[in-house]
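Below: the structure, in C-alpha cells.
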Amino acid sequence: MRMKSLHLLGLIAVAAATIHSQPTNGAVYWSPVTSPPDCSSLAGESPVAITNSLGKTIGYSCYVSGTFVWLAAGGGWSSSMRVGAPASAAIGVDYTFYDASGNNLKLDTTSGGGSSATSGNDVNFVLSANQPAEIGLLGATSDAPKYGSTATGSVYAVFYCPDAITCANVLPQLLYSALPATPWAMSVPISWDTELWTEWSAEGIDDGGARRVSLVIYNEDTTATSFTVRVYDSTGALAGTGTTPSIPPLQPLSIGSLGEGGTYGALLSDVIATRLPAGVFKVLVDGGSKYSAVEVLQFNGQSA
C-alpha cells in the first residue's frame, strides 16, 4: 500500500483518550503519582490518570491514539492487530471495535493465536518492554460459530506509556487476510489522531482480474460527508470521477466528547463508473473542507 497526504489544513478536535478499565496488574506502564510525565512533545498532550479497581489514582500516563480505518472479519476474511512494546518501557493497550456507522461492534477475538474466543467490543491488556502481541478478529459475536458474514467497521486504539518517548515509538499494524480462498494478505499502518487531512492520493493498478484496487474512507469530521474520488491515467489526464455515499460523522458521546466516525469501503471500480485506465494510475480522494483518513489497498494475486 502507498498513501500520500496532499494538504494539511489544520486539525479538528478529537475524542480525548478514554480508559476502558485498563488493567493495572502486571507490567507498569505509568509514572508515579508524585512525578507525572511530561507528554507535551506528543502534540502538546497532558498526562492522563490511571486508576485502580477502587477508582484511586495510582499514576499518570502519556498516550497516543488512532484508528485502523477498516476491519474485515468473517465471511472468508480475517483481520488481526499486532503491536510490540518499545524497548524503553511497558505499555497499556486498548482496542475498541465499531461498525461502519461508528456504533459499538461486538466481535469474537483470539489472543496470540489461541483457540479460545473472547466476545466484546473492547480488548485491553498490558505488554512488558519488547513484548509483542497479536489480537485476531474472527467475526461478529452474533454470527458465531461459523462467521459466514463479513463484519466491517473500524478499530480505535489507545496506547498508554510512562513517558512520551515510549509512546512515540509504538508502531502498531493491522493485517488483512482472505487466505486460503483468495491469495490476498496485507499489512496496513494505523491512522493517528494527529494526522487528519482533507485530501489523499495513492497510485495503483486495476485490470479487473489479478490486480485490483480497493478504497477505504473514514470520516474524521463532525459532519456527514460524501467524498469525491478522481482517477488520473499515466499521462496525468482525468480518466474518471465518482462520489461515495454519505459517510456518518464522528458520533457525539454523552460525556460531551466525540466518538468514532463512519467508514466506507469498496472496490475502486464500484466508485468510478467509467472504465479504469490501463497501467498505473493516480487516485485522489477529496473531502473539500472535511477531514478523513484513507486507505488505498493494492491487491495482487490470481484472478478468480
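The values are calculated or read from the model by the stated rules, or taken from the named source; none is laboratory data. Remember, predicted model here, so these are calculated numbers, not experimental data. Heads up, the Cβs are rebuilt from the backbone with ideal geometry, glycines too, and the neighbour counts pull from every protein chain shown. Keep in mind that these areas ignore ligands, DNA and RNA; they rest on the heavy atoms of the full protein, side chains included. Shrake-Rupley method; radii C 1.70, N 1.55, O 1.52, S 1.80 Å.
Name every cysteine in the chain that ends up alone, with no second cysteine's Cβ under 4.7 Å, or say none.
Flagged as lacking a Cys partner: nothing.
Return, ordered by residue number, the residues of the stretch 152-175 whose backbone nitrogen is under 14 Å from a label point located 7 Å along Cα→Cβ of Ser35.
From the stretch 152-175, the list is 162-164.
Using the scaling law 2.2 N^0.38 Å as the reference, what is the normalised Cα Rg of the stretch 49-138?
1.20
Which one of Ile50, Gly287, Ser80 has its Cα pushed farthest toward the positive end of the charge dipole of the chain, where Lys and Arg give +1 and Asp and Glu give -1 at the Cβ?
Projecting each Cα onto the dipole axis, the largest value belongs to Ser80.
From the alpha carbon gyration tensor of the stretch 188-290, can you work out the equivalent ellipsoid semi-axes (sqrt of 5 times each eigenvalue) and give them in Å, largest to smallest?
With the √(5λ) rule applied to the stretch 188-290, the semi-axes are 29, 13, 12 Å.
What's the lysine pair count for the chain at a Cα cut-off below 24 Å, pairs eight or more apart or interchain?
Close lysine pairs found across the chain: 4.
How far, in nm, would the chain grow between Lys146 and Thr51 when pulled straight, counting 0.36 nm per residue and subtracting the alpha carbon separation?
30.4 nm
With a point put 7 Å past each Cα toward its Cβ, work out how far Asn169 is from Arg211 in nm, to one decimal.
Here the modelled spin labels are 3.9 nm apart.
Considering just Cα atoms, how many Å³ per residue does the convex hull of the stretch 155-208 enclose?
So the per-residue hull volume is 147 Å³.
Tell me, what is the 1.4 Å probe accessible area of Leu175, in Å² to the nearest 10?
Looks like 40 Å² after rounding.
So if each residue of separation counts as 0.36 nm, and I subtract the Cα-Cα distance between Ala185 and Ala266, what length gain in nm does that give?
27.5 nm
Cα-based Rg of the chain per 2.2 N^0.38 Å, rounded to two decimals?
That works out to 1.03 for the chain.
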